[in-house]
1. Let me check something: with ligands and nucleic acids excluded, how do K23, K50 order by accessible area (1.4 Å probe), largest to smallest?
2. Per residue, what volume in Å³ does the convex hull of the Cα atoms of the chain enclose?
3. Given a 10 angstrom Cα cut-off, can you work out which residue in Q42, Q66, Q22 is the most mobile in a GNM of the chain?
4. Could you work out which residue, out of N56, N19, N36, moves most in a Gaussian network model of the chain, that is, has the largest mean-square fluctuation with Cα springs under 10 Å?
5. Carbon-plus-sulfur fraction of the accessible area of the chain, 1.4 Å probe, in percent?
6. For n ≥ 4 DSSP H runs only, could you compute -39500 (n - 2.57) per run for the chain, divide by its residues and tell me the 222 nm figure to the nearest 500?
Amino acid sequence: EALPASGSNSIAGDLALANELQKPFFIGEAGISAGNERTEEQRAALFDAKITALFNNEGDGYLIWQWENDAQHYGEGCGGGTCITNNDPVLEVLG
């Protein structure tokens with residue numbers, strides 16, 4: 001679900017409350033794994049749907065977890081296929 005609306009602490013509910021109170025709302029450290037569960041292209045499409053839904057509902061920002069830059073050794077210990085790397089299809093979504 002691009003903008004989860006179920007449950008008492010749903011993203012859609014929290015976003016609606018932030019908008020009502022005229023407060024900023026952003027998603028921080030969002031991760032979607034690629035690998036065994038889905039391809040990098042499928043992950044990019046999911047991020048695109050989630051980011052689009054947030055901004056279409058007056059959200060203010062979306063932070064994807066995490067960047068992996070082998071040359072600088074960032075993200076050491078990043079497991080589960082959540083890292084975004086050079087040439088990752090997610091970069092086109094952020095374009």
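1. K23, K50
2. In the chain, the Cα hull volume divided by residue count equals 114 Å³.
3. Q22
4. Residue with maximal mean-square fluctuation among N56, N19, N36: N36.
5. Looking at the chain in its full context, I get 48 percent from C and S.
6. On the way: 3 runs with 32 residues, N = 95.
When only DSSP H runs of four or more count, the value is -10000 deg cm²/dmol.
The values are calculated or read from the model by the stated rules, or taken from the named source; none is laboratory data. If you're wondering where the values come from, they're calculated on a predicted model, not measured in any experiment. Side chains are part of the model used for accessible areas, which takes the heavy atoms of the whole protein and leaves out ligands, DNA and RNA. Shrake-Rupley method; radii C 1.70, N 1.55, O 1.52, S 1.80 Å.
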